[in-house]
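Just below is one structure, and these are the notes that go with it.
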Amino acid sequence: MFKSNITQNNSISSGISEFLRSKNVRFTISIIISILLYISIIYSSRFIPLFTTGPQTIPFNIRVKLIDEKTTISQQIEEPVSTSLSTRPISFQKFIEEILPSIGIPVPPYPSSLQKESLAKEAVTEPLDRTTEPLAPDELIEQMEEQILMIEKESEKDTVDVARRVLPPSEEHILKPDETPIFSINNTTLSSQGISIPSSSIPRIITATPSPEQPGGEMPEANQSPVVLVPQLEPVEPPISLEQILEQEIIEQPIIEEAKKEKESRPYEFWDDLFEIDLKTYLEKDKTQGFFQLVISPKKDAKITPIPKQVAFIIDSSASIGQQKLDQTIKGVRDTLQQLRSEDLFNIVLFRERTTFFAEGYIKATQENKISAQKFLRQIQSTGQTDVFNSVRQIIQIPTTPGIPNILWLYSDGKPTIGLRDTRAIIANLTLENQGRYEIFTLGAGNTIDRYLLEFLAYINRGFCVIRNNIDQLSTAIPQAFQKVQNPILIDVSMDFGSIPRDEIYPFIFPNFYQSIPVSIFGKFNTETQKNFVFRLQGSSMGKRKEVIFRADLSQSDSGDVDIARKWAFHKAFYIISRIVREGEKTEFLQILQELKEKYNIKTTYTP
């Protein structure tokens, strides 16, 4: 029985120990203990004082002054005087004792009435035996003033703010008994605040010269006033009268008129400040051959008056053009007419196998003439044959207006159905007939146009070509293209490039300048012999010759990429083809085109 109880107790204790050894039980017990500990700390925190409060004791210092009973009544009633040397109040008598040095005058005893007679006799018969002479009242006051000035100077050093700059040392000179002060004026002097003040307002002693002695060897009096040299002021010019101003203008008027006439009679006027010129170069691998790109454009803020222009709108209204394309072309031309200025001249030509003119010659672009032109362009039908050569030739044969650009816009597909049909012959004959008098611009749309005729006819005659693949874009493309030539600023252009050969610069025929069209020139040069770049541009504007000169070092210019060489080759290929059009397919021309294809990948109709 007893053994069974023991075994039962052992099993219970072993179970309890195993229970207590488990991690979950120990974790739970630790949490419970932590909670109880935090609760006890929080509960007991209100009984633990962190700060004590009580009456604040402030110490008081009391200064006690013992008054001597023997002090006289006059000393007691004196008001205290404060000095800059001490912060404590003192009496005026004490102030005098601190300032003045001890004179050492013996204080004689106060005589009694019985000794007056004997002292009087001694004073008459015996000399006074004094170690020091008593000071006169004036000397005493001078010593007091000197001491007060010294105290003020010492106190100023401690109280005055010193300016944060280095001031030059003051020039002081102690006058000798035989010297007289002389005042002079320098350009400027410095004030105590470090601010520059004109020296004309403050005289300053810079030197002293001995004065001649007076007769009898006597020196001049010490209180003699010094001689001050007053600076001489600059004379003020009297105001110019109105009569003098008018007289001066009358005298200068012939000179101004002569200068104006000389300026007007100049053969040219410089426009260097009105153009922006950008030069870039590209060198081949061997570094001996280089290419340059010169971009010339008017500055955006340049105030250049546009030149009036003369414009001919030539519209292909034949059956090959189609009614839809013709309607889009008419709509674009009608919108373009609104861009013409009143001083411009214009005419409209419709061509099929024959030509129809809106007016006899060119007329002013007045509002009435524009309205009449709008009526002329109504209900135009696409019908008949197409004679491109004879239609354009009739316009070219009309005399041009000198001093203004003469512009010809051709809206066609470039495919003749009657008359001269050979594309090369049309371009060559029209170019020879034109002789550069008209700038020919071409525009076409669709997939049935002759790009060769439109592009080269414009290139050789100083214009550009606009091609649109979609016919519906014609009505917007026409006024947009015309906007580029809306403001001509320089015509009859010529260029000179100095030592660089002219036959390697393209385009070979230079175009006129317009406000919104930059002109790009491409050239080829030798890096060893042609390092200096000199460019000269000449032209005409409003009846006067204009000139622009530009100089640069090709070795120091901005570097471009191989695209400059390819554009040069492209323009050269256009130039060679234009010569083929005029002169025929010569072997030398075809060889040049083949070289351009092999070296720069420029493909043409002659080198497919």
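Other residues whose C-beta falls under 14 angstrom from the C-beta of T587 contribute a net charge of -2, scoring Lys and Arg +1 and Asp and Glu -1. Residues of the stretch 275-297 falling in the label zone of V562, defined by backbone nitrogen less than 14 Å from a point 7 Å along Cα to beta-carbon, are 282-286. With 10 Å bins beginning at zero, the pair-distance distribution over Cα atoms of the stretch 293-402 amounts to 13, 38, 30, 14, 5 %.
Ranked from largest, the principal axis spans of the Cα set of the stretch 467-608 equal 45, 40, 32 Å. For the stretch 475-524, count all C-alpha to C-alpha pairs, find those more than 13 Å apart, and express that count as a whole percent of the total. Above the 13 Å cut-off, the stretch 475-524 has 63 percent of its Cα pairs.
Sort largest first and round to whole Å: the equivalent ellipsoid semi-axes of the stretch 440-538, each the square root of five times a Cα gyration tensor eigenvalue. Intermediate results must be reported in sequence, preceding the final value.
Details: eigenvalues 213, 53, 21 Å².
Taking √(5λ) for each Cα gyration eigenvalue gives 33, 16, 10 Å.
Here, the stretch 308-372 has an Rg and a Dmax of 12.3, 36 Å when only alpha carbons are counted. Taking 14 Å as the cut-off, no amide N atom of the stretch 318-358 comes nearer than this to a point 7 Å along the Cα-to-beta-carbon line of N470. D by Stokes-Einstein for the stretch 335-460, Kirkwood Rh over Cα pairs, 20 °C, 1.002 mPa s: 137 µm²/s.
Computed from the coordinates by the stated procedures, all read-outs in this text should not be read as laboratory data. Keep in mind the model is a prediction, meaning the values are calculated, not measured. Cβ sites come from the backbone with ideal geometry, for glycine too, and all protein chains shown count toward neighbours.
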